[in-house]
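First comes the structure, then the notes that go with it.
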Amino acid sequence: MKKLLLIGAGHAHLYIMKKLEEEKGEFDVTIISPSEYQYYSGMFSGYLEGLYNKEDMRIHIPTLAKAAGIHFTEGAALSIDAKAKVVLTEKGDILSYDVLSIDIGSLTAGIDVPGARKHALRVKPNYRIEEVARAMQEAKNPVVVGGGAAGVEMALALSARRKLEDKKPVSIISHSPLLENTSAKAQEKIKQIMQDKNLPIYLKEKVANVTTSQIITSTGSQIAYDEVLWLTGPKAPGLFQTSQLPVDQEGYLLVEDTLQVKEYPAIFAAGDCASIRQYPGLPKAGVVAVRQSEILWENIKGFMKEANGRRFQPKDTYLSVLSTGQKQGLLIYGRIVLHHPLSWKLKNRIDQKFMNTYKSNG
């Protein structure tokens, strides 16, 4: 019986686990993940605001694995020997495979700023979300660094909850305009929303140093804080360079549009940890991993049977809905920018549907 090893329990691997439950494949499957829970980042802002509890946003991997007849190993991959087809874990376990699939997400960028690693909170790996939420809610002077989708959502969600408790709103620092990779209309709208909610905003300010009580920017601004959440975008995991696997310029695992490593076709990858050679500008976003899931599974099965694989073709435009607090959402789709309670309802419906798919047995 051929061995399929899954590293990580991201969106695409959750899909594979569910398909294995339905199809009862002819493989011996093991999944390795550093926590027994996989937390769904799409619901982090709602959790921070108090709209969801921890059970709403997390999936118990051993339960899902048991239903699918999969072995679950708690741990993290330390290195991959692609020629010998083995994976070494940080606990010293050696796991062999015939086919390997990797879906481990990304790390947090910019953490090498002096003082950041020591003083800043991070939500990656995502099982840290519970302690992060607690610390930021209890803080007297919380600051979020990062003006992308995650930073904006977290700052607004926390501020909405803190307002109910008569606490100061969250300050946000960004080295670029808010939501830099969206339209000018969307950037202006989110800035207006934050101003309306009285969030202190520091735009085009690059953090130069983090002391025990102040964040110092490159322009000389000194921003007082007692808790700081670092949400400065994705960074490639070190696993691939350590393992001497093919990577792009930023260190992400380089795969073809079949989601396979060209030099080692028994290795597949999906989600934020990988870059597709044919689509180097593809955003690091959960919606992409979800769309890759079906092709990843079909191609793994096809490879086992020596069949041709399908090719992943990304969409030109992806729907994005950001929670802005108080059950309102900012919907962005191409040129459409809509801030409305209906946007939040749509986001909530999508998120709940995703979770219900994987929690039916848990």
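The values are calculated or read from the model by the stated rules, or taken from the named source; none is laboratory data. All values derive from a computational prediction rather than experimental measurement. With ideal geometry, Cβ positions are generated from the backbone for all residues, glycine too; neighbour counts draw on all protein chains shown. The area values use the complete protein model at the heavy-atom level, side chains included, leaving out ligands, DNA and RNA. Shrake-Rupley method; radii C 1.70, N 1.55, O 1.52, S 1.80 Å.
Details
- Condition check for ILE59: β-branched (Val, Ile, Thr), surrounded by 24 or more Cβ atoms within 10 Å (Cβ to Cβ) and in contact (Cβ under 8 Å) with a residue 12 or more places away in the chain: no
Yes/no matrix, rows are residues, columns are (1) assigned to a strand (DSSP E or B); (2) over 22 Å from SER106 (Cβ atoms); (3) under 20 Å from the mean Cα position of the chain (by Cα):
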position	(1), (2), (3)
ALA289	no, no, yes
LEU296	no, no, yes
VAL321	yes, no, yes
GLY329	yes, yes, yes
TYR358	no, no, yes
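- Some residue of the range 267-278 being touching a Cys at 6+ places or on another chain (Cβ under 8 Å), touching a residue at least 12 places away in the same chain (Cβ under 8 Å), surrounded by 14 or more Cβ atoms within 10 Å (Cβ to Cβ) and part of a strand (DSSP E or B): no
- Residues in the range 3-26 that are more than 24 Å from PHE240 (Cα to Cα) and open to solvent by 30 Å² or more (accessible area, probe 1.4 Å) were compared, and the one that is modelled with the lowest pLDDT is GLY25.
Results for (1) closer than 30 Å to GLU165 by Cα; (2) of a type in the set (Gly, Ala, Ser), shown as yes or no for each residue.
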| residue | (1), (2) |
| --- | --- |
| VAL287 | no, no |
| LEU296 | no, no |
| MET304 | no, no |
| ASN308 | no, no |
| SER320 | yes, yes |
| ASN348 | yes, no |
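- Some residue of the range 171-183 being in contact (Cβ under 8 Å) with a residue 60 or more places away in the chain and assigned to a helix (DSSP H, G or I): no
- For the range 228-250, the set of residues classified as touching a Pro at 6+ places or on another chain (Cβ under 8 Å) and either surrounded by fewer than 21 Cβ atoms within 10 Å (Cβ to Cβ) or assigned to a loop (DSSP other than H, G, I, E, B) (or both) consists of ASP248 only.
- Only one of the numbered conditions (1) farther than 17 Å from ALA269 by Cα; (2) touching a Phe, Trp or Tyr at 6+ places or on another chain (Cβ under 7 Å); (3) of a type in the set (Gly, Ala, Ser) is violated by GLY75, and that is (2).
- Annotation note: Cβ proximity below 8 Å between a residue of the range 80-103 that is farther than 17 Å from VAL29 by Cβ and of a type in the set (Val, Ile, Thr) and a residue that is open to solvent by less than 50 Å² (accessible area, probe 1.4 Å) and in a strand (DSSP E or B) (sequence gap 6+ or interchain) occurs for ILE80/VAL86; ILE80/VAL87; ILE80/LEU100; ILE80/ILE267; ILE94/VAL86; ILE94/VAL87.
- Scope the range 132-153; condition closer than 12 Å to GLY325 by Cα and open to solvent by 10 Å² or more (accessible area, probe 1.4 Å); matching residues: GLU153
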